[in-house]
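Everything on this sheet refers to the single structure shown next.
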4 protein chains.
Amino acid sequence: MSSTGSAPTRSRALTRERLVASATSLFAGHGLHHVTSHEIARGAGVAAGTFYLHFKDKHELFREIVFEALAGLKERLQKATASATDPREAVRRRSAELLSFAEERCDLVRILFGRNREAAALGADVLDDLIRWLEADLRLRAGTLPARLEPLVAAHALVGMWARVLTWWVDAPRRAPRETVLESLIQLQLSGVIDGP
Amino acid sequence: MSSTGSAPTRSRALTRERLVASATSLFAGHGLHHVTSHEIARGAGVAAGTFYLHFKDKHELFREIVFEALAGLKERLQKATASATDPREAVRRRSAELLSFAEERCDLVRILFGRNREAAALGADVLDDLIRWLEADLRLRAGTLPARLEPLVAAHALVGMWARVLTWWVDAPRRAPRETVLESLIQLQLSGVIDGP
Amino acid sequence: MSSTGSAPTRSRALTRERLVASATSLFAGHGLHHVTSHEIARGAGVAAGTFYLHFKDKHELFREIVFEALAGLKERLQKATASATDPREAVRRRSAELLSFAEERCDLVRILFGRNREAAALGADVLDDLIRWLEADLRLRAGTLPARLEPLVAAHALVGMWARVLTWWVDAPRRAPRETVLESLIQLQLSGVIDGP
Amino acid sequence: MSSTGSAPTRSRALTRERLVASATSLFAGHGLHHVTSHEIARGAGVAAGTFYLHFKDKHELFREIVFEALAGLKERLQKATASATDPREAVRRRSAELLSFAEERCDLVRILFGRNREAAALGADVLDDLIRWLEADLRLRAGTLPARLEPLVAAHALVGMWARVLTWWVDAPRRAPRETVLESLIQLQLSGVIDGP
DNA sequence: AATGAATGAGGGTTCATTCAT
DNA sequence: TATGAATGAACCCTCATTCAT
C-alpha cells in the first residue's frame, strides 16, 4: 500500500498506517475509551494534531479498524469453507480457521469480541455483518439443518460462541491447547453437549 | 426491604434503591461510561452529591448491579435445573429459564451481556462466575458429554451463545417468537447444527 | 465547667467540650482546612449536625481554640515574669515557661505556631495579641533595652523566634534535650549570637 | 529566557512564565488553598486546561515557586556574607540583605514566611533548607558563638525571627523605616534584648 | 503535511451546611 | 437537644479537538 504513488503520497499513507497500527494495539489492550488520541499519535511517532489530518475522530478510526478486521475475518472464513461440500467438513474448516485467526491476530479478536467490546457501541452491532453472512451460509445448507433450528438464531448463537471462546483463549492461550479447543468447538457444533442420539 | 427500621434508615434505604433502579435503567440503555453520576442522581430524584453518600463511585454501583444480577440469574438457573435428572431435560429447562429471565429483566440482560458490555471491565471477567458454575454442572454430568468435548470450553461456548442470543432477542423481541428462539437454542445444544447422525 | 448548671445544660456543655477537644487534636494534627466538620463531630462521638448546634462554623471553632490558647499562654507568661525585677531573670523565666507550655500542650503549639499555621488566616494575625503584650512588657523595661532596639520590632522578632523553636521542638522532642533548648533561647536573648562584647 | 528556541517553544515558555507570575501573586495574596487553578489560569490570561499542560497540579507549581524563592534567597545571603571575615559584619550584611530581599520581593516573603505559610505543608518543612544552611554557617564560626548556644537551635531561632519580622514589615512598610528595622535586627543578633554586659 | 500549544466543555468528587424527624 | 440524610456549589482534572506556525 505504502509502496505506490508519489513520495508525499507514500509518506502520508505511511503515517496513516502507523496510526492504524498504533491504535489497533492500544484498542486491543485498553479498549476504545481508555485510549486517547494523544496516545495513539505518540504510539505512531507523530504529533497529536496529525491524528486529525487522517481521521475525523477517534471513533472513525475505531470503526475503520473494526470493519476492516471483520471483512478480513469474513473473507478468511469464506475461503476456508468455499470448497467444502460436506457440511460437517465446513464446520471443521471454519472452526480451524477461527483458531488460526485468533493465533495470528489476537489484537483483532480482542477488539472485535473481547473484554471491552466497545466495538458494539458503533450504532448497530458490528457483528451483525458477520452474523448475516453466517445466516446466509446456513440457509444455503438448509436441508442439512435440524428441523427446528432457525438459521438466524443459529447464526447469532454460533457467533456468540465463537466470540466468547476466542476471547477466552487469546487471553491466555496456555489454558488449553489449540487441539482441545478446536475439537470442543467442532463437537459442539456437530452434536451439541449431549453424547449419543 | 425499605419497610423496616427507623424513619431515617428507611429513607436512606429508599434513596439507595432509587439510585440502583435509576442506574440499572441508564446502564442498560447507554452503557457504563456514557452515564454520569449526575444523571443517575437526577434519575433517582436526588441531588448529585447524594450519590456519593451511598456509593464510592459509579463503578462500585455498576459492580453491585452486575454481581447481584449474576447471582440472581445463577440461582434461577440452578433452581430450574436442580430436579432434572435427564441431561436433555436440564438443557430444556435451562434454556426456558434463560428466556424467562430475558423477558422479565431485559435491562439486566443488556447490562450483563449486551451491546456495551462494559461489565467486563470490572477486573476479571464477571461472566467467569457463571461460566465456572456451568462448567461444574457439566462435569457432574460428565458421563453424558461427548468424548472430545472439554467442559471448560463448552461452558464458555454456551455462555457466549446465550449472551449473544439473549442480547439480540431483548433488543427487538418481535424479531422472533419465544418458541422459535427456545427451540433453536435447545436444538443447538442437543444436536448441534447438523441434522442426523 | 461541665459540672455546673442543670442536667441538660451540663450535657450540652459536655458535648461542646468534646467537640473542642476533638477539634483541637485534629487541627493540631492536620491543620484547619484538612479537617472536616464531620471528622470533628465523629471524633467527639456526636452526629454531624450537632456540630452546628454549638458553633456557627468550622472557623468560629478554630478561632475560639486559637484565642483561648493564646490567652492561656499570655497568662502563663505574665505570671511567670510578674515577680521578676531583674530583666535577665524575666527572660529566663519566660523562656522556661514557654518550654513548659510546649511540653504540656504540644497540640496548642502546633495550632498557634506550627507547620500549617492557618491560625494566621483569621483576619489580622492572631499573634498580634501576644506581640502587643510583649511589646508593652518590653517598653516597661525600656531602660534596660539596647539603645537602637525598637520594642515593636523586638517583640515581633522574639515571638517569631519562639514560634519557630517551639514548633521544631514539639515536632520531635528527642532532637534536643530541654536544657539545651532552654539555654540556647536564653543565651540568644541575653547576648545574641556573638560571644564577647 | 523566553527569547530563545523555536516559536512554539518560546510561546510555551512564555505561557509558563505567565502562569508562574500569576500564581506567585495570587499565592502571596491569598495563600495556597484559597487560590484555584482556574484563577491562576485566568490571571495568566490562558484557559483553565492550559494550566495542566505546564504543571501536574497546583501544589507542584507552589512547590516550584517556593523552592526557587528559597534558592534565590539563600544565594543572596551567601553572596552578601561570603566576604565578611568579622562575624559582626556578617550579621550586619545578612540583615541588610534580608531587608533588601523583602523590599524587592514582598510577594516571595509572604509566600515563604507569611500569613498563610502553607509553604510548610509541602512535606518536610521547606525552611529546613535555609535553616541547615544557616546552621552550617554558624558552625563555621563556632569559635565566635556564646558557649551555651547550640547552633541548630540558633538557626531555627534566627530564621523564625527573620520570618516574623519580614512578614510584618512587608505587610505595611510604613509602620517602621527600613533603618529602624535593620538596626533592631542587628542589635538583637549582636547583643540580645538586654543592654549592657 | 506536520506540529504541538491552547482551548473549554464536561465529568468526578468533596464537604460545609441545612432541615425534617 | 440530637440526629444523619440530603443538598448543591465549587473545585479538580482530563481530553477531544482546533489552529497558528
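The values are calculated or read from the model by the stated rules, or taken from the named source; none is laboratory data. This structure is a prediction, so every number in the text was calculated from the model and none was measured. As a convention, Cβ positions derive from the backbone with ideal geometry for all residues, glycine included, and neighbour counts pool all protein chains shown. All accessible areas refer to the heavy atoms of the entire protein, side chains included, with ligands and DNA or RNA removed. Shrake-Rupley method; radii C 1.70, N 1.55, O 1.52, S 1.80 Å.
Listed values, structure above:
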| read-out | value |
| --- | --- |
| Matching residues in the stretch C:39-78 - criterion: being in contact with a Phe, Trp or Tyr (Cβ under 7 Å, 6 or more places away or on another chain) and within 13 Å of DNA strand E (Cβ to nearest atom) | C:Ile40, C:Ala41, C:Leu61, C:Phe62 |
| Residue list for the stretch A:182-192, restricted to those being more than 11 Å from B:Ala154 (Cα to Cα) and out of contact with any Lys or Arg (no Cβ under 9 Å at 6 or more places or on another chain) | A:Ser191 |
| Given (1) open to solvent by less than 10 Å² (accessible area, probe 1.4 Å); (2) without any contact (Cβ under 8 Å) to a residue 60 or more places away in the chain; (3) hydrophobic (A, V, I, L, M, F, W, C); (4) out of contact with any Leu (no Cβ under 6 Å at 6 or more places or on another chain), number of the condition C:Val35 does not satisfy | (4) |
| Filter result for D:Thr9 (surrounded by 14 or more Cβ atoms within 10 Å (Cβ to Cβ) and of a type in the set (S, T, N, Q)) | no |
| So B:Glu150, is it at the interface with chain A (Cβ under 8 Å from one of its Cβ atoms) and either modelled with pLDDT under 95 or open to solvent by 10 Å² or more (accessible area, probe 1.4 Å) (or both) | yes |
| All positions within the stretch A:183-197 that are surrounded by fewer than 19 Cβ atoms within 10 Å (Cβ to Cβ) and within 22 Å of A:Glu103 (Cβ to Cβ) | none |
| Odd one out for D:Ile186, checked against (1) within 15 Å of the chain's Cα centre (by Cα); (2) among the aliphatic types (A, V, I, L, M); (3) more than 7 Å from chain C (Cβ to nearest Cβ) | (1) |
| Filtered residue count, the stretch A:39-91, keeping only those that are closer than 19 Å to A:Ile111 by Cβ, away from DNA strand F (no atom under 16 Å from the Cβ) and open to solvent by less than 70 Å² (accessible area, probe 1.4 Å) | 9 |
| So B:Thr15, is it under 20 Å from the mean Cα position of the chain (by Cα), surrounded by 17 or more Cβ atoms within 10 Å (Cβ to Cβ) and more than 13 Å from DNA strand E (Cβ to nearest atom) | no |
| Filter result for D:Arg94 (crowded, with 17+ Cβ neighbours inside 10 Å, without any contact (Cβ under 8 Å) to a residue 24 or more places away in the chain and away from DNA strand F (no atom under 16 Å from the Cβ)) | yes |
| Some residue of the stretch C:3-25 being within 14 Å of another protein chain (Cβ to nearest Cβ) and within 16 Å of DNA strand F (Cβ to nearest atom) | no |
| Residues satisfying the stated conditions in the stretch D:29-38, i.e. more than 22 Å from D:Ser11 (Cβ to Cβ) and either away from DNA strand E (no atom under 12 Å from the Cβ) or at pLDDT 95 or above (or both) | D:Gly29, D:His30, D:Gly31, D:Leu32, D:His34, D:Val35, D:Thr36 |
| Residues located in the stretch C:124-165, provided they are in a helix (DSSP H, G or I), free of Cβ contacts under 8 Å to residues at least 40 places away in the same chain and touching an Asp or Glu at 6+ places or on another chain (Cβ under 6 Å) | C:Pro151, C:Leu152, C:Ala155 |
| Selection within the stretch B:122-147 - modelled with pLDDT of 90 or more and at the interface with chain A (Cβ under 8 Å from one of its Cβ atoms) | B:Leu138 |
| Every residue from the stretch C:164-181 that is surrounded by 19 or more Cβ atoms within 10 Å (Cβ to Cβ) and either more than 7 Å from chain D (Cβ to nearest Cβ) or touching a Lys or Arg at 6+ places or on another chain (Cβ under 7 Å) (or both) | C:Leu166, C:Thr167, C:Trp169, C:Val170 |
| Residue count, the stretch C:26-46 (criterion: within 14 Å of chain D (Cβ to nearest Cβ) and farther than 21 Å from D:His33 by Cα) | 0 |
| Cβ pairs under 8 Å, 6+ apart, first in the stretch D:12-24 and more than 10 Å from D:Ile40 (Cβ to Cβ), second open to solvent by less than 60 Å² (accessible area, probe 1.4 Å) and not in a helix (DSSP H, G or I) | D:Ala13/D:Ser2; D:Ala13/D:Gly5; D:Leu14/D:Ser2; D:Thr15/D:Val46; D:Glu17/D:Ser2 |
| Subset of the stretch B:120-177 (residues that are of a type in the set (Ser, Thr, Tyr) and under 14 Å from A:Val193 (Cα atoms)) | B:Thr144 |
